[in-house]
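Contents: one structure, followed by commentary.
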Amino acid sequence: MKNEEITSIKQLLSTEKKIVIVPHKNPDGDAIGSTLGLYHYLLKGKHQVHVIAPNDYPHFLKWMPGEANILKYDAQTKESDVLISDADIIFTLDFNALNRAGNMETALAQSTGIKIMIDHHQTPDDYALYTYSDVNMSSTCEMVYLFIAMLGDTTLIDADIASCLYAGIMTDTGSFRFPSTTSQTHRIIADLIDKGANNSQIHNNIYDTNSYQRLQLLGCALTNLNVLPEHRAAYITLSQEELNKYDYKKGDTEGIVNYGLSLDNIVLAAIFIEDKQEGIVKISLRSKGDFSVNDMSRSHFNGGGHINAAGGRSELSLNDTVEKFISILPSYNKALNNE
Ligand code: 5GP
Ligand code: MN
């Protein structure tokens, strides 16, 4: 961010404001961690602050301090609409286009509140007065830390803020292993531990609170794993019937796509998850090296994200979606075999 922008934001925040903070639809650890981290920081400025999520999120994020105060737009629409239209400032975190806020899109677009985007996805839209966008960042949580630092308030980071930001950096970097993890990321993580983030407890809260059914669903997914060695690709399918069989809950499929990528010599992994209620197949793509799943998702699956992690959707049947995926692979053969 430019110095003048920081100065203006500092000025803006120097008096009491009504503030709304919004993560993307189907919020993940980075979305919830960054919104709550910023929430705790802004509360110190005596503002009226509300986090409004488009919809619910997995149970393994529900330990975060302040989480109980998050409003869910799909369940609390009226109350949320009033807060959004009355807001002086709206922070949009961890997304790059208003349609990523799902059914909140219209309310956000209509609000006259000053919009501030903090995000690390590619090609940000131009809806915010202040846009802090950096695709080289590991996570929006890392950016919220830097945002607080730019405002000169690092000393205000307490254990609550530190815990939320730690959680989001950890989940978005695959526990500090993705190429987006830098020495700066580790320095910030070290500082967050110094400021009270209980790293071991946070890992436990997020990764070691599985239900038995979730592990059985993982077993089913691994049984469904298909490998296409000629394309250096692997994919997993989960039908609605299989999800029902293992009593699927939001978040249960998180991370499963990465198993495909853990195979030797595989550089592209996909998971196709049938959602009969929405009438779509939800797609997650992951890659290694320079192969851009962001490009693949934008071109073929109505989605996007980052170079090595992207999401998308298909309105075809589960089988037809898989067939489409297989049919486009030959056009990527050169790129896949160059990795
Ligand atoms: P996931 O596969 O875990 O849903 O998403 C991987 C990454 O891609 C995340 O950073 C997520 O925010 C982004 N992403 C997921 N779905 C979409 C989508 O439909 N559009 C865009 N632009 N990004 C997405
Ligand atoms: Mn993120």
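In terms of distances greater than 27 angstrom between alpha carbons, the cross-link table entries K25/K115; K288/K324; K276/K334 yield K276/K334. Among beta bridges identified by DSSP and lying wholly in the chain, the antiparallel ones come to about 45 percent. Above 16 Å, the calculated P(r) of the stretch 20-68 contains 30 percent of its Cα-Cα pairs. Computed extension length for S183-N302: 39.5 nm, one decimal, from 0.36 nm per residue of separation with the Cα-Cα distance subtracted. The distance linking the stretch 143-202 with the stretch 1-78 is 16 Å (Cα centroid to Cα centroid, whole angstrom).
Only helices enter this figure: runs of n ≥ 4 DSSP H residues, each worth -39500 (n - 2.57), summed and divided by the residues of the chain, yield -11500 deg cm²/dmol at 222 nm to the nearest 500. With R₀ set to 22 Å, the beta-carbon distance separating W63 from F176 gives a calculated FRET efficiency near 0.65.
Principal semi-axes of the equivalent ellipsoid, √(5λ) from the alpha carbon gyration tensor of the stretch 114-270, are 33, 20, 16 Å from largest down. Please give the FRET efficiency for I326 paired with T15, using the beta carbon to beta carbon distance and R0 = 51 Å, rounded to the nearest 0.05. So the FRET efficiency works out to roughly 0.30. Taking label points 7 Å from Cα along the Cα-to-Cβ direction, S85 and T112 give a separation of 1.2 nm.
Ranked by the mean number of other Cβ atoms within 10 Å of their residues, highest first, the peptides 158-170, 79-91 come out as 158-170, 79-91.
Taking every alpha-carbon pair in the stretch 212-338 and binning the separations at 10 Å intervals from zero gives 14, 48, 32, 6, 0 percent. Extension gain for L316-K276 works out to 13.3 nm (0.36 nm per residue, less the C-alpha to C-alpha distance).
Listed by chain and number, the aspartates and glutamates whose alpha-carbon sits under 13 Å from that of K17, ignoring those within fewer than 8 places in the same chain, are D86, D88.
Neighbour counting of Cβ atoms within 10 Å sorts the residues V322, V144, V135, fewest neighbours leading, into V135, V322, V144. Working from Cα pairs under 8 Å separated by at least six residues, relative contact order for the stretch 3-207 is 23 percent.
Computed from the Cβ-Cβ distance with R0 of 22 Å, the FRET efficiency linking E339 to N226 stands at 0.70. The base-10 log of I(q)/I(0) for the chain, evaluated at q = 0.08, 0.11 Å⁻¹, reads -0.38, -0.72 [Debye formula, identical scatterers on Cα atoms, solvent excluded].
Each value in this text was obtained by applying a stated rule to the coordinates, not by laboratory testing. Quantities reported herein were computed from a predicted structural model and do not represent experimental measurements. Positions of Cβ are generated from backbone atoms using ideal geometry, with glycine treated the same way; all protein chains shown enter the neighbour counts.
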